[in-house]
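The values are calculated or read from the model by the stated rules, or taken from the named source; none is laboratory data. As the structure is a computational prediction, the values presented were derived from the model and not from experiment. Here the Cβ positions follow ideal geometry from the backbone for every residue, glycine too, while neighbour counts run over all protein chains shown.
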């Protein structure tokens with residue numbers, strides 16, 4: 001029976017080691033995701049200037065920003081507090097719950113960085129960003 005106990009202890013030790021490795025991988029993935037979202041925000045808010053030929057091509061192939069483009073601009077913790085919906089020329093961003101002043105300021109800053117604005121309308125207050133790429 002002591003052999004079984006030793007095997008069990010080794011398995012438990014190995015499981016603990018694997019949990020530590022998975023925890024580190026999870027932290028690295030969170031960091032990577034945040035970096036990628038940061039890059040996405042900078043590309044949305046500061047697009048690369050186009051050459052004249054590219055500008056003509058860009059105008060003829062103008063694409064819209066999608067809900068997913070806007071969603072990607074927010075860190076996961078803020079994204080989870082918001083709902084996103086495309087309505088006409090805008091992507092509407094509404095809080096799912098009370099944001100608090102700090103989260104509101106972060107969201108408002110990100111929205112302004114994308115050329116958007118806050119619309120104060122009581123219970124129907126929301127943020128909006130044009131779905132047209134500039």
* Residue selected from the stretch 68-86 under the condition exposed (fewer than 15 other Cβ atoms within 10 Å of the Cβ) and touching a residue at least 40 places away in the same chain (Cβ under 8 Å), by the criterion nearest to residue 118 (Cα to Cα) -> 86
* To do: Look through the stretch 122-134, keep the residues that are at pLDDT below 90 and in a loop (DSSP other than H, G, I, E, B), and return whichever of them is nearest to residue 79 (Cα to Cα).
  => 131
* Just checking, which of 68, 85 is in contact with a strand residue (DSSP E or B) (Cβ under 9 Å, 6 or more places away or on another chain), outside any loop (DSSP other than H, G, I, E, B) and at pLDDT below 90? -> 68
* Can you name every residue in the stretch 95-116 that is outside any helix (DSSP H, G or I) and surrounded by 15 or more Cβ atoms within 10 Å (Cβ to Cβ)? -> 95, 99, 114, 116
* Asked: Can we say residue 65 is in contact (Cβ under 8 Å) with a residue 24 or more places away in the chain and either out of contact with any helix residue (DSSP H, G or I) (no Cβ under 9 Å at 6 or more places or on another chain) or more than 29 Å from residue 26 (Cα to Cα) (or both)?
  -> yes
